[in-house]
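The values are calculated or read from the model by the stated rules, or taken from the named source; none is laboratory data. Just so it is clear, the model here is predicted, and its values are computed rather than measured. Cβ placement follows ideal geometry from the backbone for every residue including glycine, while neighbour counts extend to all protein chains displayed.
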Amino acid sequence: MQRSSAASGKGQGFHFFGGWRRRHGAHVRVNGKPVYVEWSAAAQAALDRRELPLTVELELYFSCLVKKFVHFHESAPAGDSITVTEQLRLVFRPVTSSACSMDLADRLGRQPEVDLAGPIVSKLAPRRVWIDHRRGSWHGEYWL
């Protein structure tokens, strides 16, 4: 796994009304592809206060529709995690639903899922990840 760090938004593209804010970032590899993970100064401050690393799970969910979810875990979920920093871990998890039933989704809150594996899935990876910490909670998004 490769990793490099960047402490500011310089050279990371134009951030409308956000260039004055300090941003943190690191380059990692997911499925052999480069991924830029970027987080806000507020997220860095929250990470600095943690005793254990935060695990960010990027879920690519193939169901009746394709959806992207970002989950934050106090401990690492099952599977391999990628070290972004000492206090930040990343997991990319493509999954599919085992059924496509609206009744079942209503009862469970979402479709039952199974992890995806195989040569096509191993080519999938996010390109960029954004993490923030606002009003006491974690927020994130990612782009493919």
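Observations on the structure shown:
- Flag set for PHE92, criterion: in contact (Cβ under 8 Å) with a residue 40 or more places away in the chain and in a strand (DSSP E or B).
- Complete set of residues in segment 123-137 that are in a loop (DSSP other than H, G, I, E, B) and under 9 Å from the mean Cα position of the chain (by Cα): PRO126
- Tally of residues being modelled with pLDDT of 75 or more and farther than 21 Å from ILE120 by Cα across segment 58-103: 13
- Of all residues in segment 42-69, those being in contact (Cβ under 8 Å) with a residue 40 or more places away in the chain and either within 14 Å of the chain's Cα centre (by Cα) or surrounded by fewer than 12 Cβ atoms within 10 Å (Cβ to Cβ) (or both) number 8.
- Selection within segment 104-144: residues that are among the hydroxyl-bearing types (Ser, Thr, Tyr) and at pLDDT 95 or above. The member of this set that is surrounded by the most Cβ atoms within 10 Å (Cβ to Cβ) is TYR142.
- Subset of segment 62-84 (residues that are assigned to a strand (DSSP E or B) and closer than 18 Å to HIS139 by Cα): LYS67, LYS68, PHE69, VAL70, HIS71, PHE72, HIS73, VAL84
- Filter result for GLU51 (touching a His at 6+ places or on another chain (Cβ under 8 Å) and modelled with pLDDT under 95): no
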